[in-house]
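The values are calculated or read from the model by the stated rules, or taken from the named source; none is laboratory data. Model, not experiment: these values are computed from the prediction. Neighbour counts run over all protein chains shown; Cβ positions are idealised from the backbone, glycine included. Just the protein is used for accessible areas: all its heavy atoms, side chains included, with ligands, DNA and RNA removed. Shrake-Rupley method; radii C 1.70, N 1.55, O 1.52, S 1.80 Å.
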Amino acid sequence: MIKCVIWDLDNTLLAGTYLESPDQRLCADPDAARALAELAGRGILHAIASRNPPEAAACAATLTGHAFAAARLGWGKKSAAVAGILGELGLSAGEAAFVDDDPLERGEVGRALPEVLVLAPEDLAEAIGWPEFSPPVITPEARRRGDMYASRRVRQEEAAAFGGSADEFLRYCRTEVRIAEATEADLPRLHELSFRTHQFNSVGVPVGAEIFARLAGGPQGPSRVVTVRLSDKFGDDGLVGGCVITVSGGTWHVPLLMMSCRALGRGVIGALLAWIRRAASLADASEVVVTCVITDRNVPLRIALTGAGFRADMAAKITLPDWAQSGEHARVAAYHAAPGQPELPHWVVEVP
Ligand SMILES: [Mg+2]
């Protein structure tokens, strides 16, 4: 799936050349602008990589009416700009497309970053019909994704200028994490998170909305599906994470834990893990066990687990639920913690 389209400006997103056009005569290329709007509506992000002064990004935002998630302007290599954008947005090269009218630029990006989908502007009309650009579900979070990344840029700029600690910054931002039982309305977004998250995903396979519906079936059932919402003074990120909890005997099993990388560095995964241990303690559980399929990309989740006081058992005999099995000979680790009363950050709001 393509999560971000990175645009050249001159003669690609703009009908003309920024530096050679007096402002009043410059406009967005109508075909490119139409493709951009269509893809933004599907939750795909947009970014700019252009050989222009920084002001050209604001000009493109005005002309297209779109808030770009990231912009790299300057006279360096396009592949370096693209790589910088991927790093900033936490995306892998295979999740990005690059559109440029110049075949030399397309060639340079294609050689340096072979996994990036490289397109000429004339390819766009057909490309937007490809499966790579057609997410199976489009949630309210997806439609607002561009705005959320624009808020994120402002947040990051303020964070860089902020004098205090990371914790003080979260407080200054009026960060609010809401933890609640999933409702039916949450199911499409939970499904979407299951296939969009990689760095903070403990199973690495998509989980269907119908599975979440079954697991969340009733308060008396053996499983619970828990949702995590995040907002602060810069904007509302909506439903950013969730987990499945299954109680058997005195043990709280967590076969699925997932979190959007938008929540990275905002205290959310730590808050959820602390909440799980506290909730288990209040329910008189004897142990919390998070199972985690070892994937190339979920190292950040495993670091967060050990950081939150969980101890890894790499040799445990674990049977994953049917819906969490990838079909391969996956390595699975069990992360154990005693229930406890770790302090919850003051910004966590528990919704009964
Ligand atoms: Mg160009």
- Highest average packing first - 303-315, 280-292, 190-202, Cβ atoms within 10 Å: 190-202, 280-292, 303-315
- Item | Ala338 versus Ala37: modelled label distance in nm, points set 7 Å from Cα along the beta carbon direction | 6.1 nm
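Would you mind telling me the antiparallel percentage of the DSSP bridges in the chain, rounded to 5? Spell out each step's value before the answer.
Numbers: 34 of 56 bridges.
For the chain, the DSSP antiparallel bridge percentage is about 60.
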- With θ set to phi - 60°, apply the Karplus curve 6.51 cos²θ - 1.76 cosθ + 1.60 along segment 225-241 and write out the HN-Hα couplings as whole Hz, x wherever there is a Gly or Pro. 10, 10, 10, 10, 10, 9, 8, 7, 5, 8, x, 9, 7, x, 7, 9, x
- Item | Binned Cα-Cα distances of segment 164-350, short to long, each 5 Å bin given as a whole percent | 1, 8, 17, 22, 22, 17, 8, 3, 1, 0
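Quick check on packing: order 144-152, 294-302, 317-325 by the mean number of other C-beta atoms within 10 Å, highest mean leading. Provide the component values of the computation, followed by the final result.
Working: 144-152: 19.8, 294-302: 16.2, 317-325: 14.2.
Most protected by this proxy first, the peptides run 144-152, 294-302, 317-325.
Tell me the net charge near Glu343. Cut-off is 13 Å between Cβ atoms, Glu343 excluded, with +1 for each Lys or Arg and -1 for each Asp or Glu.
Working: positive: Arg277, Arg278; negative: Asp167.
Local net charge: +1.
Within segment 80-239, what whole-number % of the accessible surface is contributed by carbon and sulfur, with the 1.4 Å probe and all protein chains included in the calculation?
On the way: 3980 of 7330 Å².
C and S fraction of accessible area: 54 percent.
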- Note on the structure: Rg (one decimal) and Dmax (whole number) from the Cα set of segment 4-133, in Å, equal 13.3, 39
- Item | Full-stretch length increase - Asp123, Thr306 - with 0.36 nm per residue and alpha-carbon distance subtracted | 61.3 nm
- Take every DSSP beta bridge whose two residues both sit in segment 4-133, then give the antiparallel share in percent to the nearest 5. 5 percent
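If eta is 0.692 mPa s and T is 37 °C, what Stokes-Einstein diffusion coefficient results for the chain, Kirkwood Rh from Cα pairs, in µm²/s?
Details: Rh = 21.7 Å.
D, rounded to a whole number, is 151 µm²/s.
Relative to the present Cα-Cα distance, how much length would full extension add between Met1 and Glu132 at 0.36 nm per residue of separation?
Values: separation 131, 0.36 × 131 = 47.16 nm, distance 0.45 nm.
Separation in residues times 0.36 nm, less the Cα-Cα distance, equals 46.7 nm.
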- Item | Cut-off under 5 Å, modelled amide H: who pairs with Phe98 long-range | Ile6, Leu117, Val118, Leu119
- Query: Taking 0.36 nm per residue of separation and subtracting the Cα-Cα distance, what length does fully extending Asp284 through Arg214 add?
  - Reply: 22.7 nm
- Task: Return the percentage of antiparallel bridges among DSSP beta bridges fully within segment 164-350, rounded to the nearest 5 %.
- Result: 80 percent
- Anything over 28 Å Cα to Cα? Flag those among Lys3/Lys77; Lys3/Lys233; Lys77/Lys233, in the order listed. Lys77/Lys233
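Provide the per residue accessible area, probe 1.4 Å, for the chain, rounded to a whole number of square angstrom.
Numbers: 15800 Å² over 352 residues.
On a per-residue basis, the chain sits at 45 Å².
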